[in-house]
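Working notes, structure below.
The values are calculated or read from the model by the stated rules, or taken from the named source; none is laboratory data. Since the structure is predicted, the reported quantities are computational estimates derived from the model, not experimental observations. Methodologically, a virtual Cβ is constructed for each residue, glycine included, from the backbone with ideal geometry; neighbour enumeration extends over all protein chains shown. These area figures cover heavy atoms from the full protein model, side chains too; ligands, DNA and RNA do not enter into them. Shrake-Rupley method; radii C 1.70, N 1.55, O 1.52, S 1.80 Å.
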Amino acid sequence: MKVKIIICFLSIMLFSNCKEIKEENKVDTVKANYLDFSKRDNQLTGGIKMIPITTPKGKFKVWTKTVGNNPTIKVLLLHGGPGLTHELYECFDGYFPNESIEYIYYDQLGSYYSDQPTDSSLWTNERFVEEVEQVRIALGLDNSNFYILGQSWGGILAMEYALKYQKNLKGLIISNMMASVPEYNKYAKDVLAPQMDPKVLKELQDIEAKNDFENPKYSELLFKNYYTQHILRMPLEEWPESINRCFKHINPSVYVYMQGPSEFGITGNATLKNWDIKSRLKTITVPTLSIGSKYDTMDPEHMKWIANEVQNGRFLFCPNGSHLSQYDDPKHYFPGVIQFLKDVDNGSFKKG
């Protein structure tokens, strides 16, 4: 009997060691080939590919750039706005390559590096979801390797994509975005606005009441008193060049049409004003990471709720972060995201 137990124990140990060796060999192989573009059709462009997409209003092209090679972890980055750019994510260059994570920068239709049609009928959630699906197919991504990371508006798009096409996903990351715009508006009004200097808030509200959003005083007050508290918690003169460039490249037509001109929630005739998919989250089964930050424009408790509402969710809290927590709390943001990707990849993901 003892002999059988010993043999069984040794067999388990041998299997465990073989598994570890296999995993180590896989990591070494991925690391060795991470920067090898020699067998890819975008070698000449350094990973850049203009992808043709079909829309109800004709054919256009969107800009993508792939960084690295990893056959089982490929992360498509969905930027915010709407109408901003991939430049929001350039800090990922300092973290993902170290872990041999392949990631794809991507400017959605209407954004700076992609085609910019002026037909506002193109700016719908449904049309953007189909665009992402066409990008996925063009890049050869599937549920053996395809992850989406969407932040802010990109988080809305990521959730909408998962609700329709989660069969194509390996993992979903919702960064700094609630699942209900009405609840986001309430949080902005009831929690964030009262934190401001009452005089500054009154001046901003007066400008908004007059619909005078082009007034340079509006932007000046916002950046100094709101953005540096809830968008990116750094003095304006220390904001990374990539962020300044991203704001410089915004497409205001797309932004205002979907998000509206106000920074205190989504109001007016903005198409996203009533967006709410809370009741549908429970249908998402793919491993999901929801990221919330203490000083964010989005309620971190809502982000925690999202992680519990989906069937296989995990919550990542950034205690020093705001809306762009990848920049003002990278010490929590990147280890949490990287761990999620690796756990899903090696089969050890556990919700929580």
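What the table below lists for this structure:
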{"quantity": "Residues satisfying the stated conditions in segment 160-181, i.e. within 24 Å of LEU232 (Cα to Cα) and touching a strand residue (DSSP E or B) at 6+ places or on another chain (Cβ under 6 Å)", "calculated": "LEU172, ILE173, ILE174, SER175, ASN176, SER180"}
{"quantity": "Boolean, GLU130 is over 16 Å from LEU77 (Cα atoms) and among the acidic types (Asp, Glu)", "calculated": "no"}
{"quantity": "GLY110 assigned to a loop (DSSP other than H, G, I, E, B), touching a helix residue (DSSP H, G or I) at 6+ places or on another chain (Cβ under 8 Å) and either aromatic (Phe, Trp, Tyr) or on the phi < 0 side of the Ramachandran plot (or both)", "calculated": "no"}
{"quantity": "Test result for ILE338, β-branched (Val, Ile, Thr), open to solvent by less than 10 Å² (accessible area, probe 1.4 Å) and not in a loop (DSSP other than H, G, I, E, B)", "calculated": "no"}
{"quantity": "Lone unmet requirement of (1) assigned to a loop (DSSP other than H, G, I, E, B); (2) in contact with a strand residue (DSSP E or B) (Cβ under 6 Å, 6 or more places away or on another chain); (3) open to solvent by less than 20 Å² (accessible area, probe 1.4 Å) for LYS351", "calculated": "(3)"}
{"quantity": "Verdict on GLU301 being of a type in the set (Asp, Glu) and out of contact with any strand residue (DSSP E or B) (no Cβ under 8 Å at 6 or more places or on another chain)", "calculated": "no"}
{"quantity": "The listed residue being in contact with a helix residue (DSSP H, G or I) (Cβ under 8 Å, 6 or more places away or on another chain) and farther than 27 Å from THR72 by Cα, out of PRO319, PRO330, PRO300", "calculated": "PRO319"}
{"quantity": "Residues satisfying the stated conditions in segment 197-242, i.e. under 16 Å from GLY265 (Cα atoms), at pLDDT 90 or above and part of a loop (DSSP other than H, G, I, E, B)", "calculated": "ILE231"}
{"quantity": "Meets criteria (more than 14 Å from the chain's Cα centre (by Cα) and over 21 Å from ILE156 (Cβ atoms)) for ASP299", "calculated": "no"}
{"quantity": "Which numbered condition SER144 fails, given (1) out of contact with any Asp or Glu (no Cβ under 7 Å at 6 or more places or on another chain); (2) exposed (fewer than 15 other Cβ atoms within 10 Å of the Cβ); (3) not in a loop (DSSP other than H, G, I, E, B)", "calculated": "(3)"}
{"quantity": "Subset of segment 274-313 [open to solvent by 40 Å² or more (accessible area, probe 1.4 Å), touching a Gly at 6+ places or on another chain (Cβ under 7 Å) and not in a helix (DSSP H, G or I)]", "calculated": "LYS294, TYR295"}
{"quantity": "Members of segment 262-273 found to be more than 20 Å from the chain's Cα centre (by Cα), without any contact (Cβ under 8 Å) to a residue 60 or more places away in the chain and open to solvent by less than 50 Å² (accessible area, probe 1.4 Å), listed by number", "calculated": "SER262, GLY268, ALA270"}
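Every residue, every condition in (1) farther than 20 Å from TYR106 by Cα; (2) under 25 Å from the mean Cα position of the chain (by Cα); (3) open to solvent by less than 80 Å² (accessible area, probe 1.4 Å), yes or no:
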position: ASP206; (1), (2), (3): yes, no, yes
position: PHE223; (1), (2), (3): yes, yes, yes
position: THR228; (1), (2), (3): yes, yes, yes
position: PRO235; (1), (2), (3): yes, yes, yes
position: GLU241; (1), (2), (3): no, yes, no
position: HIS249; (1), (2), (3): no, yes, yes
position: VAL256; (1), (2), (3): yes, yes, yes
position: GLY260; (1), (2), (3): yes, yes, yes
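For (1) open to solvent by 10 Å² or more (accessible area, probe 1.4 Å); (2) small (Gly, Ala, Ser), each residue gets a yes or a no:
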| site | (1), (2) |
| --- | --- |
| GLU99 | yes, no |
| ASN125 | yes, no |
| ALA158 | no, yes |
| ILE174 | no, no |
